[in-house]
Structures are given as C-alpha cells and as structure tokens.
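What follows is a single structure, written as structure tokens, with notes after it.
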Amino acid sequence: MKAHAPLGSVVATLNIANGLPNEHYVDPGVFAEEKRSVLFANWSGVGFGKDVPEAGDARPVEFLGMPLLIVRDRDGSIGVFQNTCRHRGMILVAAPTKIRGAIRCPYHSWCYGLNGELRTTPHVGGPGRNTHPDVNMAELGLIRIRSHVWRDVIFVNVDGRAPAFEEVHAELLERWKEFDQELHPGGETSSFKLDVKTNWKLAVENYCESYHLPWVHPGLNSYSRLEDHYNIEVPGHFSGQGTLVYRQLKDEDGAVMPDFAGLSEKWNEGAEYVALYPNVLLGVQRDHAFAIVLEPVDCERTIEHIELYYAIDAAKTPEFDKLRSENARLWMAVFDEDVFVVEGMQKGRHGEFFDGGRFSPVMDGPTQNFHHWVASQVEKGRAG
Ligand code: FES
Ligand SMILES: [Fe+2]
C-alpha cells in the first residue's frame, strides 16, 4: 500500500499549519478513505425536506455511490432507507415518485410500508403461498439509515456510530435558536444547482472565509467590506463568517420581505454563514435563509444543491415573487463568482510540489479549523 502524506503539520496550530496535502484532493484512494472516515462517520447532508413535501413522497438519492431512499411517512416524519430490496438486491425506487399503498419492488413485487416494514412477499412459498416459515418478514424490513432533519436539510450518519445530531451540533443549535422556526421554500427560482469541477472540501473551505470578498465579489464588497466581517470558529464542529452590515433587499417602492418572527436586534444588520461539517453550508439573515448541500460526485467533481427559504409561504404571498427571484438572482451571481476559485484551487492541487499551503494567521482561522477537523477524522480512521 502506498504511504500516505503525513498530517502532522495539518493538525498544528494555525500560525504554522499547512493545509491538507494534495492527495486529499486528487487521489481517488484518499477520496474513498474520506468517504468512510469523514462523510459516512459524521452527519452529512443528502437532501431537503421540501423535495418530499407530502406523505408517500419518495425520492432516491445516491450518496457517494450508496443508494438511499428518502420517504415522507404518513405521520409527517422523514425516513431514509437503503434503496435496496432485501430479496435479491434490486434498486427499489429509481425516480422520485408518490407511493400509493406500499413501496413495491419492481422485480418480484415484495412490498414495504413507508416505515420500511416488509409487508407482502407474493408466492415466496410457491405459487399462491405468500409466506414461508423460513422467511421471517419481521427481520427483512428495509435497512434504515440514521437520519435527522434540521433547517430542512436531511442529514444521515451512514455508519450509525456518530453521537446524536443534537449533541454534535449543540453549539450551532443554541447559537441560531432564534431561527428555529418554519422555513418556507421560495419556489422554483429559489432552487438551483452548480456542477463544479472541484473536490467537495474546497467548496467548504472557500465558503468559510471572507478574506476573498474584495477580489472575488467586488459587488458584495462595495457595501459589505472585509472589516465588517468576523470569524466564526468552533473546533471540531463548524466554522464560517458573520457580517455586521446585512442589508435587506428592497423593491422599487422600498418594500422589504417580512422577517422571521421575534428576532433580537443583533440580526437587524447581522447575518451569519456557517459550514456545518462535513458538507452542509448554511446562511441566516433576518428575512431569508439558505442551505447548500454539497454532493461529492467524485474526487474532482461536486454538485452544489442550493435552496433559499423565507419566513413566509411563497404560495400565499405572490406580492413578494419579484423580490424572491431578485434575491435568488443576486445569490446565484455570488455563488457563481466562487466557481472559478474552487475550480482553480482544484487545478492547483495537481502541482506536485504544493505543500498544502499556508494560512493567514488572522483571516484563515475558519478554513484551518476545517482542515484540522478533516485531518483528525482521517487519522482516527487510519488508527482504526
Ligand atoms: S429483488 Fe425485490 S422482490 Fe425480488
Ligand atoms: Fe465567495
């Protein structure tokens, strides 16, 4: 087996640390390793509740090659299952659908309830005999993947061994508890994807920092300058940035979108942008929020799934349609401006003499916090 690049300088303190070595961005072997030690071992985002709005809605997703099925049950809860039939391993649901009755395998028609229980096994005991004493239906339900929904993001812990979501993310839950209220998806214009030629970690790293604002987002920087930002760093859990000068979008008559209820003064002009490790990027502002789920397709390709949310129901407030689409357009432009840097950093990591880089001791704390966390997760995995 090829020796791995050492990670000692990555878990060093900020002022002297290096970033993760190139192999963490360009080597499919290390990608496969991080799939287990970083993404399957923690709470990773795989989708949004808004995509399964009603009971019976089922949506297949692939997460790092793993076929998953997201299902909205009749009690409103969301379950995630391995999308593989317990009989001969057929993929159960191939495209988003509404389940009426049961989840029926297209191969031999074994049927499962929305809660994953195996319900019927036609002719399993021979023609006309739908049971067999050796096929114990109670043991053959769909494999449930541990999941948790927060801020409409569906998180899964594939290996089932992480501490509870509320425990892992207690600090962010507390920090943003004022925003713990109903989120309304903004409709069609508020939902978009970016297919980016980069390793998923570079999208996290770029999101964490405000250092690049003056050069990559000159428009944003004209009113939200470097000095109006602060770093957010919680070792082992999340990092990002906050701004002190968030300005609400106004239409030509000066109207603004309604705020989330009961926010404290801090949020009048404050907004925060946080990467929740490993792969979910979140933003909160007084009148809207967003969530980005990074789908690592392969070592050098990532799909960013972006959703904007509001305090008010889009279907009942057409008067704000224009502001919602304008807001989406502005964010899309900002996220788009970041594409060339995450793709450029990816290309840069094919430079064989790159040593992971160095950090600004003042500006890059949130980014280094993430590197440190990834390196410790990988080391934990290597230690077994
Ligand atoms: S593989 Fe699903 S019923 Fe046979
Ligand atoms: Fe950016």
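The values are calculated or read from the model by the stated rules, or taken from the named source; none is laboratory data. Since the structure is predicted, the reported quantities are computational estimates derived from the model, not experimental observations. All Cβ positions, even for glycine, are placed from backbone atoms using ideal geometry, and neighbour counts span all protein chains on display.
Within the range 214-228, restricting attention to residues that are among the small types (Gly, Ala, Ser) and assigned to a loop (DSSP other than H, G, I, E, B), which residue is farthest from ligand 1 (Cβ to nearest atom)? By that ranking, first place goes to 222. Residues in the range 116-125 that are touching a strand residue (DSSP E or B) at 6+ places or on another chain (Cβ under 9 Å) and away from ligand 1 (no atom under 11 Å from the Cβ): 116, 119.
Against the test of being at pLDDT 95 or above, touching a Leu at 6+ places or on another chain (Cβ under 7 Å) and of a type in the set (Gly, Ala, Ser), the options 89, 56 yield a single qualifying residue, 56.
Looking across the range 186-203 at every residue that is of a type in the set (A, V, I, L, M, F, W, C) and under 16 Å from residue 337 (Cβ atoms), the one that is surrounded by the fewest Cβ atoms within 10 Å (Cβ to Cβ) is identified as 192.
One line per residue, one yes/no per condition, for (1) among the charged types (D, E, K, R); (2) closer than 30 Å to residue 342 by Cα:
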{"residue": "225", "(1), (2)": "yes, yes"}
{"residue": "233", "(1), (2)": "yes, yes"}
{"residue": "236", "(1), (2)": "no, yes"}
{"residue": "267", "(1), (2)": "no, yes"}
{"residue": "282", "(1), (2)": "no, yes"}
{"residue": "301", "(1), (2)": "yes, yes"}
{"residue": "321", "(1), (2)": "yes, no"}
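When the range 92-115 is filtered for residues that are among the small types (Gly, Ala, Ser) and either within 14 Å of ligand 1 (Cβ to nearest atom) or in contact with a His (Cβ under 9 Å, 6 or more places away or on another chain) (or both), the ones remaining, listed by number, are 94, 102, 109.
Specify which of the listed residues (29, 101, 113) is surrounded by fewer than 20 Cβ atoms within 10 Å (Cβ to Cβ) and at pLDDT below 95. On inspection, the qualifying residue turns out to be 101.
Under the condition of being within 15 Å of ligand 1 (Cβ to nearest atom) and either crowded, with 17+ Cβ neighbours inside 10 Å or of a type in the set (Phe, Trp, Tyr) (or both), the residues counted in the range 77-91 number 6. Is it fair to say residue 357 is at pLDDT 95 or above and on the phi > 0 side of the Ramachandran plot? So residue 357 fits the description; yes. Is the range 229-238 home to any residue that is under 17 Å from residue 153 (Cβ atoms) and either assigned to a strand (DSSP E or B) or more than 21 Å from the chain's Cα centre (by Cα) (or both)? Within the range 229-238, one or more residues are under 17 Å from residue 153 (Cβ atoms) and either assigned to a strand (DSSP E or B) or more than 21 Å from the chain's Cα centre (by Cα) (or both).
Counting only helices (runs of 4 or more DSSP H) that fall entirely inside the range 267-384 and contain at least 1 residues that are within 16 Å of ligand 2 (Cβ to nearest atom) and buried (at least 23 other Cβ atoms within 10 Å of the Cβ), the qualifying elements are 339-348, 365-383.
Taken over the range 239-260, the criterion of being at pLDDT 95 or above, in a loop (DSSP other than H, G, I, E, B) and more than 20 Å from residue 331 (Cβ to Cβ) is satisfied by no residue.
Does residue 380 satisfy the criteria of being at negative phi and either free of Cβ contacts under 8 Å to residues at least 60 places away in the same chain or of a type in the set (Val, Ile, Thr) (or both)? Answer is no for this residue. Within the range 40-56, if we keep just the residues that are within 27 Å of residue 182 (Cβ to Cβ) and of a type in the set (A, V, I, L, M, F, W, C), the residue that is surrounded by the fewest Cβ atoms within 10 Å (Cβ to Cβ) turns out to be 55.
This table checks each residue for (1) over 15 Å from residue 282 (Cα atoms); (2) exposed (fewer than 13 other Cβ atoms within 10 Å of the Cβ); (3) within 16 Å of ligand 1 (Cβ to nearest atom).
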| site | (1), (2), (3) |
| --- | --- |
| 180 | no, yes, no |
| 205 | no, no, no |
| 208 | no, no, no |
| 212 | yes, no, no |
| 232 | no, no, no |
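The residue that is farthest from ligand 2 (Cβ to nearest atom), among those in the range 73-128 that are among the aromatic types (Phe, Trp, Tyr) and under 19 Å from residue 144 (Cβ atoms), is 110. Just give me the residues in the range 327-347 being under 19 Å from residue 287 (Cβ atoms) and either touching a Cys at 6+ places or on another chain (Cβ under 9 Å) or not basic (Lys, Arg) (or both), in sequence order. If the condition is that a residue be under 19 Å from residue 287 (Cβ atoms) and either touching a Cys at 6+ places or on another chain (Cβ under 9 Å) or not basic (Lys, Arg) (or both), then 327, 328, 330, 331, 332, 333, 334, 335 are the ones that fit. Every condition in (1) out of contact with any Leu (no Cβ under 9 Å at 6 or more places or on another chain); (2) free of Cβ contacts under 8 Å to residues at least 60 places away in the same chain; (3) away from ligand 2 (no atom under 15 Å from the Cβ); (4) not charged (D, E, K, R) holds for residue 199 except the one numbered (2).
Residue 221 passes every criterion in (1) free of Cβ contacts under 8 Å to residues at least 60 places away in the same chain; (2) within 16 Å of residue 366 (Cβ to Cβ); (3) not aromatic (Phe, Trp, Tyr) apart from (2).
No other residue among 146, 119, 59, 74 is closer than 25 Å to residue 301 by Cβ and either surrounded by fewer than 20 Cβ atoms within 10 Å (Cβ to Cβ) or without any contact (Cβ under 8 Å) to a residue 60 or more places away in the chain (or both) apart from 59.
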